[in-house]
Amino acid sequence: MHLSYSAIIEILGTIAFAISGAFSAMQKRLDLFGVLVIAFITAIGGGTLRDVLIGNTPVTWMRDVTTPSVILAATIITILFKRYVKNLKVTLFLFDALGLGLFTVIGIQKGLAAGLNQGVCIALGTITGCFGGVLRDILLNLKPVLFHKEIYATACIAGGICYIIGLSLLQQQYAETLSVIVICAVRILAVKYNWKLPVV
Amino acid sequence: MHLSYSAIIEILGTIAFAISGAFSAMQKRLDLFGVLVIAFITAIGGGTLRDVLIGNTPVTWMRDVTTPSVILAATIITILFKRYVKNLKVTLFLFDALGLGLFTVIGIQKGLAAGLNQGVCIALGTITGCFGGVLRDILLNLKPVLFHKEIYATACIAGGICYIIGLSLLQQQYAETLSVIVICAVRILAVKYNWKLPVV
Amino acid sequence: MHLSYSAIIEILGTIAFAISGAFSAMQKRLDLFGVLVIAFITAIGGGTLRDVLIGNTPVTWMRDVTTPSVILAATIITILFKRYVKNLKVTLFLFDALGLGLFTVIGIQKGLAAGLNQGVCIALGTITGCFGGVLRDILLNLKPVLFHKEIYATACIAGGICYIIGLSLLQQQYAETLSVIVICAVRILAVKYNWKLPVV
């Protein structure tokens, strides 16, 4: 199997989201199966909602077992090495930001391929990036991260706008890279400097 | 763009639902983006679930940017004029009832167009009318309005039955109007006189 | 209407799930309509998500009114005879286990018919069996049963693996029966002996 650069990053993003889901579930003292389910939903939630909304069914993870296999492996490793992985918080956060960026770009691309309006595509990319985390929080009975933390979805929107503008000026792979960098940078800076949107 | 009477009312309903979502989110002290997301979900939730259940994808709001534009504008205006809009509670409630009625009829029509059973169509109309509010409440961690307030979904079911019966006796636009009036009237009377279904 | 053995058991499973949903809703003091909605969602939630994920739309319960009719009847009877039905707890639990088993097998079969990977089909069967209960718990603001009780979804996975292996060794109806028995047996023994998966 030849893996493109983009596919490799998507796998890294999937791993990061799976690990983040597994951690949240372990903190809530779920059993083994619960941890696996939450890891799975966190990693595939966004892409699944995207596919359902645009009618791209059976949804992607059902047609390509790479994603389920990666999630299963990532979750088992997280459970086995939980002491060690805990010390990788910064690494995990960076993976999560990278995953957020990549998933957003993939969502936008699928929207454009379906002939949707550019603003709608940015919304679709944001859904792809964020919805897994929202589902995780609803299932664990937490207030969805989307609605109480430092800038999160806004990073996806900013990166999405850069991607759409970038596409009209640059080759696709440069627009992709630019967009992922913008999303990661906004997200990382938002956490570092505690950027928040105003409460109205 | 020529707007039919029905399209105008649908836009008014969308505005009412968006404003109602924005208000609930502001009361929960969400940030700017959170308010926008909740407004959006409240306004498009019902139609989106309906489209997904009957396989009408990409879902409607992705193919016609009128709805997202209207929601965006309504939310921004709500945020800017929040003091003023608060004093419009009765007007908002009437818009909300009107939106509930119109969305229910639209849902039933899409079900009939898909060749579904009439009882199923009434369920589909009720889902279209009510689900946005249910999603809003789940995301804001409130007990869903559907399950604790005065008569709500029951108004949709009553209006839906009137629509199905009306179709066999009247021209379509009269059946539509009758059904919307019934839903609005039941809803308004239920709130005015605190009608509740029995708890079992 | 000629009903196959499988269709009869599916109806029994639907009844069991509807009754279980109606009971949970009555314990939460919902009104008449709320009880009906929760009964409905508990009974059709799993199959609906399955159909949406594989693109089998309009979803099954919209095309065949047997299921809605059965749920309506089961809920009304539950409400009317609530004192009596309460004394049938063991019977209900057995129906629920039977429903879980049958719904899981039906989910796997629909996945195989759609040409999906066997592991994905087991996941799809588990979703079909369990998701109605998860939705019920989210709507009633309970911690999802999936994540805090004795073995539940794990029974579906065990039975699903038996079904896939059984298909390569036995005739389809024997593999079906074996799988349903395994799921019921694991579920019943798990409750009887308080089997739990380890918390990690």
Scanning segment C:40-60 for residues that are among the hydrophobic types (A, V, I, L, M, F, W, C), at the interface with chain B (Cβ under 10 Å from one of its Cβ atoms) and farther than 17 Å from A:ARG50 by Cα gives C:PHE40, C:VAL59
Exactly one of A:ILE11, A:ILE54, A:ILE71, A:ILE76 is β-branched (Val, Ile, Thr) and in contact with a Gly (Cβ under 8 Å, 6 or more places away or on another chain), and that residue is A:ILE54
Residue hits (segment C:185-200; touching a residue at least 40 places away in the same chain (Cβ under 8 Å) and either over 17 Å from C:ILE157 (Cα atoms) or of a type in the set (Asp, Glu) (or both)) are C:ASN194
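Yes/no matrix, rows are residues, columns are (1) over 30 Å from C:VAL59 (Cβ atoms); (2) in contact with a helix residue (DSSP H, G or I) (Cβ under 7 Å, 6 or more places away or on another chain):
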position	(1), (2)
A:ALA7	yes, no
A:GLY21	no, yes
A:GLN27	yes, no
A:LEU32	yes, no
A:LEU36	no, yes
A:VAL52	no, yes
A:PRO68	no, yes
A:LEU72	no, no
A:VAL85	yes, yes
All conditions in (1) more than 8 Å from chain B (Cβ to nearest Cβ); (2) modelled with pLDDT under 95 are true of C:ARG29 except (1)
Checked segment A:22-31 for anything assigned to a helix (DSSP H, G or I) and in contact with a Leu (Cβ under 9 Å, 6 or more places away or on another chain); matches are A:ALA22, A:PHE23, A:SER24, A:ALA25, A:GLN27
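So which residues in segment B:56-66 are hydroxyl-bearing (Ser, Thr, Tyr) and either within 17 Å of B:SER24 (Cα to Cα) or part of a helix (DSSP H, G or I) (or both)?
B:THR60, B:THR66, listed by residue number.
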* With respect to A:VAL120, determine if the residue is in a helix (DSSP H, G or I), touching an Asp or Glu at 6+ places or on another chain (Cβ under 7 Å), over 25 Å from A:VAL35 (Cα atoms) and not hydroxyl-bearing (Ser, Thr, Tyr). => no
Of the residues in segment B:185-200, those that are within 17 Å of the chain's Cα centre (by Cα) and within 14 Å of another protein chain (Cβ to nearest Cβ) come to B:VAL186, B:ARG187, B:ALA190
Given the conditions (1) part of a helix (DSSP H, G or I); (2) touching a Phe, Trp or Tyr at 6+ places or on another chain (Cβ under 8 Å); (3) aliphatic (A, V, I, L, M), every one holds for B:LEU197 apart from (1)
Check on B:ARG63, under 21 Å from B:ILE127 (Cβ atoms), at pLDDT 85 or above and crowded, with 22+ Cβ neighbours inside 10 Å = no
B:SER4 vs (1) surrounded by fewer than 19 Cβ atoms within 10 Å (Cβ to Cβ); (2) touching a Lys or Arg at 6+ places or on another chain (Cβ under 9 Å); (3) away from chain A (no Cβ under 11 Å): all pass except (2)
When every residue in segment A:67-99 that is among the β-branched types (Val, Ile, Thr) and either surrounded by fewer than 15 Cβ atoms within 10 Å (Cβ to Cβ) or outside any helix (DSSP H, G or I) (or both) is compared, the one farthest from the other protein chains (Cβ to nearest Cβ) is A:VAL90
Quiz item: Is it true that B:GLY132 is within 14 Å of chain C (Cβ to nearest Cβ), in contact with a Gly (Cβ under 8 Å, 6 or more places away or on another chain) and within 19 Å of B:LEU12 (Cα to Cα)?
Solution: no
Would you say B:GLY34 is more than 14 Å from chain A (Cβ to nearest Cβ), assigned to a helix (DSSP H, G or I), out of contact with any Cys (no Cβ under 9 Å at 6 or more places or on another chain) and crowded, with 19+ Cβ neighbours inside 10 Å?
no
Per the list (1) part of a helix (DSSP H, G or I); (2) at the interface with chain B (Cβ under 10 Å from one of its Cβ atoms); (3) within 30 Å of C:ALA113 (Cα to Cα), residue check on C:ILE9 breaks on (2)
- Does A:ALA123 satisfy the criteria of being in contact with a Pro (Cβ under 9 Å, 6 or more places away or on another chain), surrounded by 20 or more Cβ atoms within 10 Å (Cβ to Cβ) and closer than 18 Å to B:PHE40 by Cβ? yes
Within segment C:6-50, residues being at negative phi and either among the hydrophobic types (A, V, I, L, M, F, W, C) or free of Cβ contacts under 8 Å to residues at least 12 places away in the same chain (or both) number 30
Looking only at segment C:12-21, decide whether some residue is part of a helix (DSSP H, G or I) and surrounded by fewer than 20 Cβ atoms within 10 Å (Cβ to Cβ).
yes
Just one listed residue, out of A:GLY111, A:GLY160, A:GLY133, is modelled with pLDDT under 90 and either part of a helix (DSSP H, G or I) or over 21 Å from A:GLY45 (Cα atoms) (or both), and it is A:GLY133
Expected output for segment B:135-154 (first residue more than 9 Å from every other protein chain (Cβ to nearest Cβ), partner at pLDDT 75 or above and not in a helix (DSSP H, G or I), Cβ below 7 Å, 6+ apart or cross-chain) is B:VAL145/B:TYR152; B:GLU150/B:ASN194; B:GLU150/B:TRP195; B:GLU150/B:LYS196
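The values are calculated or read from the model by the stated rules, or taken from the named source; none is laboratory data. Here the structure is a predicted model, which is why all the values come from computation and not from measurement. Note that each Cβ is placed from the backbone with ideal geometry, even for glycine, and that neighbours are counted across all protein chains shown.
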